[in-house]
Every structure is written in structure tokens, then in C-alpha cells.
Amino acid sequence: MNAPLEKRNRQTLLEKRKRQMRRATAIARTLVGVELALVALPLLVIVVWAFTDAWPWPDLWPQAFSARGIEQALSGRQNMGWDTLALSIGIAAACAVLTTAVAALACRALCHFQWRGRDVFQFATILPFIIPSTVFAMGIQVVFLQIGLARTVPGVILAHSIVALPYAIILMTDITRAAGTHREEAARSLGAGPWQMLRHVTIPQLLPGIVSSLSMCYIMSFSQYFLTLLVGGGRVQTFVLVLFPYLSGGDRTIACAYSLVFLVVTFAVFLIFELLLRRFGAREEGSLYG
Amino acid sequence: MQLALENIDLRLGGKDILRDVSFAVDDGRFVSVLGESGAGKSTTLKVIAGLLPQDSGRVLFDGTCVDDVPTHKRNTAIVFQDIRLFPNMDVRQNVAFPLKMRKVPRAERLATADRMLAAVQLEGFGNRRTYELSGGQQQRVAVARALAAKPDALLLDEPFSGLDEQLRAEMRQLVSRLHAEFGMTSLMVTHDADEALTMSDRIIYMSDGRVVQEGTPADLLLRPASDVVRAAFNDASSIEGRVEGGIFMSGKLCVSLADLAAYDETRAGDAALVGARANAPVEQVAPAIPDGPAVLVRVPDRTPFVHAL
Amino acid sequence: MVLPALLLLGVFVYGVGSGIIQGFGIMPFLDRTEFTLEYYEQALTRADLLGSIMFSLYFSFTSAILATVGGVALSALMTRARTGRLTRLFGIQVPITTMHAVVALAVICLFSGAGLFPRVLHVLGAAPDATSFPSVVGAPSGWGIIAVYLWKEIPFIAFMTITIMMNISSTLGEAARTLGAGSARAFFSVTLPLCRGAILRAFLVVFAFAFGSYEIPFLLEPTVPKALPVLAYIEFQDPDIINRCYAMALNGIMAGICTVLCVVYYVVLQRDGKRKRGRR
């Protein structure tokens with residue numbers, strides 16, 4: 001047989017299959033790329049509008065830019081400014097810590113222990129998913145008024161935590177179950193006290209779940225409008241409460257400028273959480289392609 | 001079907017996983033790939049099944065290059081270490097799955113599935129959910145499922161390592177019996193030297209992505225090509241003895257030659273016995289063994305002992 | 001261990017419950033303790049209620065179904081494309097992080113009369129002026145609302161399903177392929193059925209969220225019909241405090257519809273849990 005020809009034949013068969021596989025991957029990649037573009041488009045429009053001064057119809061690009069929107073959004077005029085931002089971040093951070101701690105305990109009870117009423121409890125944890133938060137908000141307002149939690153920061157944090165709880169539980173359930181208790185048992189058998197065990201074993205092995213739960217609760221609290229409006233009663237002014245009227249208002253530049261500040265702040269915090277996650281070596285997909 | 005790999009190279013994640021791997025498995029043979037973890041054994045199976053395309057070299061089924069054939073058309077079946085039964089189907093549906101994929105009519109594939117379940121001694125388990133079964137039963141279902149595919153090559157990826165010792169012995173016997181019964185070309189990856197010795201026609205020893213030695217169990221055991229191979233068999237699992245009239249004898253031990261896993265013919269009359277086949281009749285191995293097949297083990301400076309599998 | 005969670009859930013149930021009770025005319029803080037179905041009757045006989053219910057159901061079901069299909073597809077594509085962490089960060093986490101109302105604003109910027117999309121159409125010669133494009137704000141079809149939810153919830157569904165899908169596809173999906181299933185067949189006969197629980201759960205979360213939230217319909221809905229939460233809030237805000245009962249009755253109706261879903265969810269959860277316990 002013709003040796004060079006045979007050699008080429010071999011390569012082409014393998015190449016052919018690899019080409020097929022590459023093509024399938026390329027199609028999937030392209031479609032994912034389309035999705036990324038669709039994600040990016042609205043965000044870019046917000047960014048452009050935030051700096052737009054004049055954008056007459058039917059131009060595709062603004063005629064003039066200005067920083068007046070951003071200046072106003074950061075200047076502290078009209079209830080807005082660093083105080084509001086600091087308050088919002090504080091509430092969101094407190095909500096994130098509270099909810100995550102509560103969810104971690106609940107997941108532990110759900111995953112590692114058999115007890116009467118566990119199924120009912122598990123069902124109850126998803127109630128805030130199902131019953132609309134608007135229903136909850138209107139109902140709890142009167143209750144909070146009576147017990148003096150309405151129009152207070154703790155009241156807002158509490159309300160946010162309740163709504164965020166099922167998300168936190170969902171995010172932490174799988175990892176809690178996967179972590180199991182055997183490492184803790186090992187630690188205890190090696191002489192670790194309860195606190196040492198918590199610090200060196202329990203928390204580290206749950207860390208990826210804890211971080212994503214923190215991040216999710218933070219975001220939920222930070223962007224919660226309706227609940228904050230009702231429970232805060234106008235006294236607790238978070239960023240969203242200030243931002244919201246502009247969204248339906250006429251000045252698009254201002255609305256987009258506020259939105260941009262909002263986006264930057266949430267993404268920044270989100271990225272911090274992501275970096276934390278990476279730093280602590282959470283590699284969820286590590287073994288998937290091995 | 002004859003299965004052959006020619007000069008397979010594969011890099012994954014910047015590491016050489018397979019380097020110039022070549023070997024052949026003759027039609028109907030049972031061959032083991034033995035080696036430490038990380039030697040590239042499982043990857044080899046994936047290349048044969050087409051789950052991972054190699055960088056160079058080729059895979060041949062009966063002399064035909066199958067490099068362009070996607071996994072589902074290669075007609076190989078893998079029994080995975082982690083079993084991988086489909087939890088959304090009952091046991092019978094699991095076993096019938098490959099037939100469904102081959103568009104076998106429903107009645108026929110269910111009948112075949114039941115036959116396969118009987119072959120792995122799980123009659124009447126067809127309607128069970130997979131998660132109701134014990135680990136050993138699940139692995140038997142997985143074997144039945146692979147057999148139902150009537151694969152040209154049966155690929156076993158450390159199929160018994162998740163089971164306890166007792167079950168492992170039973171499964172080895174079962175697989176050996178099924179191989180004798182169905183006669184399909186089989187390639188088993190294992191890190192257990194005893195397993196490779198007692199079950200295989202030939203053994204391929206891999207280390208660090210290369211084939212270090214290929215040969216009969218006796219070859220590897222008695223004439224290891226390198227220290228790693230010798231170490232794999234724990235320096236000595238052979239026992240000296242004499243052969244008279246087709247019977248190997250060493251002290252009180254008498255074993256029929258036909259049941260020896262490996263036997264050094266070059267030293268006829270003063271042979272080295274290494275192990276008995278998985279399906280060897282018990283009383284012929286040694287009266288002292290409660291039941292089951294055995295490997296004879298000799299550790300330097302110790303009395304040779306019989307190691308029940 | 002469950003006490004803190006029980007406390008939070010207790011407050012939730014108490015809040016929702018006291019609201020519902022008010023719907024029956026019981027307001028202890030106003031010394032009204034008489035049980036009455038009057039407000040429910042009023043609410044249910046209201047001319048625009050059915051329209052509101054249908055509108056709310058319509059856009060939340062449409063959003064949830066399209067988002068589920070899209071989210072599962074996205075999840076499958078990302079699994080297939082073996083996307084890196086950064087892509088997933090941007091394609092999934094960023095939309096989840098973005099607030100709904102901001103997305104509504106972006107949709108307005110893109111599709112309203114003077115938005116970018118009509119401009120592009122104009123340049124292409126398809127739209128003569130700013131009014132020829134169907135307005136996204138107040139469109140009776142609610143497509144603006146649906147667009148916002150899709151942008152937000154497709155990634156959310158993908159987020160809820162991608163981990164399990166990646167795991168299943170790399171183990172059981174691989175097994176199916178070695179047994180003679182092509183990639184598409186393996187996906188539809190093994191991977192997808194096994195993700196069903198996660199998918200259904202995500203669907204219900206998205207539906208309930210779209211059904212019960214205020215911001216997006218408030219910003220984008222037509223004058224009539226109004227979404228249920230908006231309707232309820234209008235009544236709630238009424239200076240006449242008795243109207244609250246009326247708002248609460250509307251809330252009760254909303255909660256009722258969601259409770260039906262809740263039961264469905266519970267059944268799914270039970271079945272899924274049974275399956276999970278058996279999975280190796």
C-alpha cells in the first residue's frame with residue numbers, strides 16, 4: 001500500500017471527527033456569545049445614556065455628552081448621596097450576614113438530622129418563594145407598626161432577611177449535604193472543641209456556599225424596593241427608594257446615571273464576593289473535566 | 001472483535017496523559033490494564049469508547065480505523081466504577097436502554113433486558129428502582145446493561161473497586177463466567193494485581209501514560225520488565241513447586257495445571273505457581289480454603305500462604 | 001438550630017396571615033373583629049379584577065415558560081461549550097445581580113418611541129417616525145414586562161440548573177453515550193429528565209416572583225388592566241383605611257393562587273427528594 005497516502009488517511013479520519021466536535025462546540029460557543037451580547041446591550045445603553053446630554057431622534061449615537069447626571073447622582077442633592085449609599089450597603093450587609101447564618105443553621109438541621117416536622121419545616125422554608133413579597137409587605141407593615149419595628153433600620157433588615165432566606169437555603173443545601181459530618185467527627189475525635197471545629201472544619205468546608213449566599217442576600221436586600229418602601233415607611237431611605245422615582249420620570253440621563261451608580265456598586269460588591277470565593281479556593285467545576 | 005490501539009498520544013490540560021500507547025486485544029479475549037492510579041488507564045478506555053479524541057495515533061476495530069466514529073456508534077460499552085445507573089428509570093429500563101437507543105422494538109428489548117438480568121442473577125428485580133438496590137446489585141445491573149448493548153468490546157473501568165471484598169470476589173467470578181458465556185472482547189482497567197492475574201488472558205501494565213509491559217499473567221509475574229511491574233505484584237506472589245501428571249504440587253497443595261493463572265512452562269517439573277483461575281473448583285486448590293478461588297502468595301522469608309480472593 | 005429560621009418564617013407567616021385576616025374585615029387595632037366576606041365579595045365582583053388576574057397570570061406564565069426554556073437551553077449550551085468561569089460570571093451572575101427596575105429602564109431606553117431600536121429601524125427605513133413603533137410602556141401585550149423578566153430570569157434558571165446539569169452530563173450523559181445514545185438523545189432521555197426537579201423548582205420561583213412583584217408592572221404596564229400587586233397597592237394606599245381590607249382581600253386572592261402552586265411544588269419536592277436520596 002502507498003504509505004504516505006495511508007498516513008494521510010489516518011489523520012483525516014481523526015481530523016474529521018475532531019472537526020465535527022469542534023463545530024458543535026463552536027455553535028454552542030456562538031450561541032453563548034449571542035446571550036452575552038444580549039446581556040451586555042441593555043447595560044451599555046444605560047452607560048451611554050448616563051453621560052448623554054442630547055440625543056435627538058433618529059441619531060444612533062448621542063450628539064453631546066455631559067457628566068451632569070453622574071454629578072447629580074453623587075452630589076448629595078435630593079436625598080441622595082454617600083449617606084444613602086452607606087445606609088443601603090449597611091442594611092444589605094447586615095441582611096446578608098443574618099440570613100446566611102440563619103440559613104446555615106437551618107440547612108444543617110435539614111441535611112444532617114432526622115427529626116419530626118422536618119418535612120414541614122423544609123416546606124415552610126420555601127414559603128417566601130411562593131407567597132408574593134408584596135402580600136407579605138402589606139401584611140407585615142401593620143404588624144411592624146404595632147411592635148415599633150416599622151420605619152426602623154432593624155425592621156427593614158428583618159423583612160429583607162425573611163424574603164432572602166429561601167434563596168440562601170437553596171444555595172447552601174447542596175454543599176451542606178455534600179460536606180457531611182464525617183470531617184467534623186474526625187476533628188472532634190482529634191480533640192477539637194466546638195468552637196475550634198466550627199472555625200477550622202465546619203466553616204471552611206461550607207465556605208463556597210456561605211460566600212454565594214452572602215452575595216445573593218446582599219444583592220436581594222440592596223435592590224429590594226417594595227418591601228423597603230412599606231416597612232421603611234419613607235423614613236429608611238435606601239438607594240433604591242431614591243432611584244425608583246427617577247426610573248419613571250422624564251429625565252432619562254438622570255435615571256440612567258442613578259442606575260449606573262447602582263450597577264457599579266452592586267457589581268463591585270459582587271466582585272469582591274467572587275474574589276473571596278476564588279481566594280478561598282472554591283473550585284466547583286474543578287473535577288468536572290478531569 | 002479485535003481491538004487495537006496504535007501509537008496513541010493524548011495531552012490534557014498541558015499534561016501528557018497517554019504517550020505512544022499501542023496494544024491489541026484479540027477477539028474474545030479478556031485483557032486487563034493494570035497500573036497505579038494516574039497511569040492513564042481510564043483515559044485509555046475513554047479513547048477507545050470515543051469519549052476523548054486522541055491527539056495522534058489511531059484506534060482500530062477489526063483492523064478498521066474508527067477515529068471518525070462518534071461514541072454512540074462505536075458499539076462499545078463501559079461499566080463505570082461509579083456505576084452510573086439512570087435514576088429516572090427502573091432496573092429493567094436501565095438494562096433496556098442501549099436497545100432502545102438501537103431502536104429495538106419494546107417487547108423484544110424488555111425480554112432481552114429480563115434475560116440479561118437473569119444472567120447477572122437478578123431475576124425479578126426488573127421493576128425495582130435503581131436506588132433500592134445494594135451496591136453490588138447496582139453494579140450487576142450496570143454489567144447487564146452493558147451486555148444488553150451486545151458490545152463489540154466491553155470496557156470495564158475499575159468495576160469492582162467500589163465494592164467490599166466479599167462482593168468483589170463474587171463479581172469477579174460473575175464477570176469471568178459471563179465472559180466465558182458471551183465471549184465478547186473485554187478490556188478491564190484495574191489497580192488490583194490479584195484481579196488482573198486471576199481474570200485475564202493477558203495483562204497490559206501501564207505507568208505514567210506508557211505501556212510498560214504486555215504479556216500473559218505469567219510473563220508479568222515471572223519475568224517483570226521493570227521494577228514497577230515487579231512491585232505491582234508485591235515482589236512475590238509466586239510459589240515454587242513441582243508438576244507431576246498435570247498437577248502442580250507444593251507441600252500439601254495440589255492444583256490442576258489448567259486452573260493455574262500463570263505457570264512457568266520453561267521450568268517444567270519444577271514450576272512456579274502463581275494463582276488459580278477465578279473459576280477454579282475449590283477442592284482442587286486446597287482443602288484449607290473455605291471456598292472461592294485463591295491466589296498463592298509467597299513473601300520472602302515467610303511460609304507461602306493461600307490468599308482467598 | 002432551626003429556631004432562628006423558624007422565627008423568621010414565623011414573622012413571615014404572621015405578616016401574611018394578619019394581612020389575610022384583614023381581608024376578612026378583622027382589624028384588632030381598629031377594634032373591628034367581625035368576620036365578613038364583604039371585601040372578598042367586593043373584590044371578586046369588581047369589574048376589572050378578572051382582567052387583572054388574567055393579565056398577571058398571562059405575563060407571569062409567559063415569562064416563566066419562556067425563561068425556563070431559554071434558561072435550560074442556556075445551561076445546556078454552557079455545559080456543551082464548556083464555558084469558562086468568566087463567561088458564566090458575565091452571562092449568568094451579572095443579570096442576576098442587576099436590579100429588575102434598572103432592566104426596565106434599559107428596556108425603555110431600547111424600545112420606547114425614541115429608543116435605540118426604533119432608531120435603528122428608522123435608519124434601515126422600516127419606521128418613518130418615533131411613534132410608528134409599538135410602545136413598550138403600557139403595551140397591552142405586556143411584552144416589555146416579559147422582556148425584562150426574560151433578561152433577568154433566563155440566567156436565573158440557568159443558574160439554578162447548570163451545576164446539576166454539568167454533573168449529570170459528565171457522568172450519566174457520558175454513560176448514555178457509551179450505550180448508544182447520540183448527544184441530543186442523551187440530553188433528552190437522561191440529562192433533562194434528571195434535571196426536571198431543579199427546572200420545575202426554578203420555574204415556580206420565577207412564576208411566583210413575576211406574579212407577585214410590583215416594580216416591573218408598575219413601570220411598564222398599561223393603564224388597564226393592572227397587575228394584581230399594583231391593584232392591591234393602589235387600594236392599600238387609599239387614605240380610607242377600610243380600603244385596606246379590600247387590598248388585603250386582593251392579596252388573599254393572590255396568595256391563594258400561589259398556594260395552589262405551592263402544593264404542586266411540594267409534591268415535586270417530595271418526589272425529587274426521594275430520587276435524590278437514591279442517587280449515587
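Each reported figure results from applying straightforward, stated rules to the coordinates on display, with no laboratory input. Computed from a predicted model, the values in this text were never measured in an experiment. Note that we place each Cβ from the backbone using ideal geometry, even for glycine, and neighbour counts take in every protein chain shown.
Take each residue of peptide C:194-200, count the partner chain Cβ atoms within 10 Å of its Cβ, and average: the result is 1. Based on the Cβ-Cβ distance from A:Arg279 to B:Glu165, what FRET efficiency comes out when R0 is 30 Å, to the nearest 0.05? For A:Arg279 and B:Glu165, the calculated efficiency is 0.10.
Assuming 1.567 mPa s and 4 °C, estimate D for chain A with Stokes-Einstein, Rh taken as the Kirkwood radius over Cα pairs, in µm²/s. The Stokes-Einstein estimate is 56 µm²/s.
Here the 3J(HN,Hα) profile of the range C:210-226, calculated from phi with Karplus coefficients 6.51, -1.76 and 1.60 at θ = phi - 60°, is 5, 5, x, 9, 9, 4, 5, x, 4, 7, 10, 7, x, 5, 9, x, 9 Hz, Gly and Pro shown as x.
Centroid-to-centroid, using Cα positions, the range A:219-265 and the range B:169-228 are 69 Å apart. The rule of thumb for compact globular proteins, 2.2 N^0.38 Å, goes into the C-alpha radius of gyration of the protein assembly as shown 1.16 times. Label zone of A:Glu15 (point 7 Å out along Cα→Cβ, amide N under 14 Å): in the range B:47-82 this covers B:56-57, B:68. Between the range C:36-57 and the range A:106-167, the alpha-carbon centres lie 27 Å apart. A crude spin-label estimate for the pair C:Ala184 and B:Ala180, with each label 7 Å from Cα along the Cβ direction, gives 4.6 nm.
Taking every alpha-carbon pair under 8 Å whose residues sit at least 6 apart, the range B:113-211 reaches a relative contact order of 25 percent.
Hey, got the average number of other protein chain Cβ atoms within 10 angstrom for residues in B:76-84?
Per-residue shielding by partner chains comes out at 4.
Please give the residues of the range C:85-101, grouped as numeric ranges, whose backbone N is less than 18 Å from a label point set 7 Å along the Cα-to-Cβ vector of A:Thr25. It comes to C:85-88, nothing else.
Hey, got the average number of other protein chain Cβ atoms within 10 angstrom for residues in B:125-138?
Average per residue, whole number: 1.
Highest average first, the peptides B:205-213, B:166-174 ordered by how many other beta carbon atoms sit within 10 Å of their residues are B:205-213, B:166-174.
Dipole of the range B:55-205, Cα-centred, from +1 at each Lys and Arg C-beta and -1 at each Asp and Glu C-beta, to the nearest 20 debye? Don't jump to the answer; show the numbers that get you there.
Values: 20 positive and 21 negative charges, 174 e Å.
Dipole about the Cα centre, nearest 20: 840 debye.
The simple Förster model, with R0 at 35 Å and r as the Cβ-Cβ distance, assigns B:Asn127 and C:Ala73 a FRET efficiency of 0.55.
Only counting other Cβ atoms within 10 Å, I'd like B:Glu214, B:Glu181 sorted with the fewest neighbours first.
B:Glu181, B:Glu214
Express as a percent, rounded to the nearest 5, the fraction of DSSP beta bridges in the range B:3-231 (both residues included) that run antiparallel.
The antiparallel fraction comes to roughly 55 percent.
For the residue pairs A:Lys18/B:Lys100; A:Lys18/B:Lys15; B:Lys103/B:Lys150; A:Lys18/B:Lys103; B:Lys73/B:Lys150, the C-alpha atoms sit more than 22 angstrom apart in A:Lys18/B:Lys100; A:Lys18/B:Lys103. For the range B:3-231, the share of alpha carbon pairs falling in successive 5 Å distance bins from zero is 1, 7, 15, 18, 19, 16, 12, 7, 3, 1, 0 percent. Computed from phi, the 3J(HN,Hα) profile of the range C:121-126 under the Karplus parametrisation 6.51, -1.76, 1.60 (θ = phi - 60°) reads 4, 4, 4, 7, x, 8 Hz, with x in place of Gly and Pro.
Rounded to the nearest 20 debye, the dipole size of the protein assembly as shown about its Cα centre is 700 debye, using +1 on the Cβ of Lys and Arg and -1 on the Cβ of Asp and Glu.
Ranking B:Val59, B:Gly35, B:Ala107 by how far each Cα lies toward the positive end of the dipole of the range B:16-109 (charges on Cβ) leaves B:Ala107 at the top. For the range A:104-209, a Kirkwood hydrodynamic radius built from all Cα pairs, placed in the Stokes-Einstein relation at 25 °C and 0.890 mPa s, yields a translational diffusion coefficient of 153 µm²/s. Protection proxy ranking for C:11-20, C:102-111, using the average of other Cβ atoms within 10 Å per residue and placing the highest first: C:102-111, C:11-20.
Only Cα sites of chain C enter the Debye sum here, all with the same form factor; the resulting log10 I(q)/I(0) across q = 0.14 1/Å is -1.12, listed in q order. Highest average first, the peptides B:131-144, C:228-241 ordered by how many other beta carbon atoms sit within 10 Å of their residues are B:131-144, C:228-241.
For the range B:3-231, relative contact order (Cα pairs under 8 Å, six or more residues apart, normalised by length) works out to 28 percent. Rounded to the nearest 5, the antiparallel percentage of DSSP beta bridges internal to the protein assembly as shown is 70%. Taking the Cα centre of chain A as reference, the dipole from Cβ charges on Lys and Arg (+1) and Asp and Glu (-1) amounts to some 1220 debye. Between the residues C:Leu50, A:Trp57, A:Ile272, the greatest Cα displacement towards the positive end of the dipole of the protein assembly as shown, with unit charges on the Cβ of Lys, Arg, Asp and Glu, is found for A:Trp57. Between B:Met249 and A:Leu60, the simple label model (points 7 Å from Cα in the Cβ direction) yields a spacing of 9.8 nm. Placing a pseudo-label 7 Å from each Cα along the Cα-to-Cβ vector at A:Ser75 and C:Thr163 gives an inter-label distance of 4.6 nm.
Averaging the sequence gap over all C-alpha pairs within less than 8 Å and six or more residues apart, then dividing by the number of residues, gives chain C a relative contact order of 27 percent.
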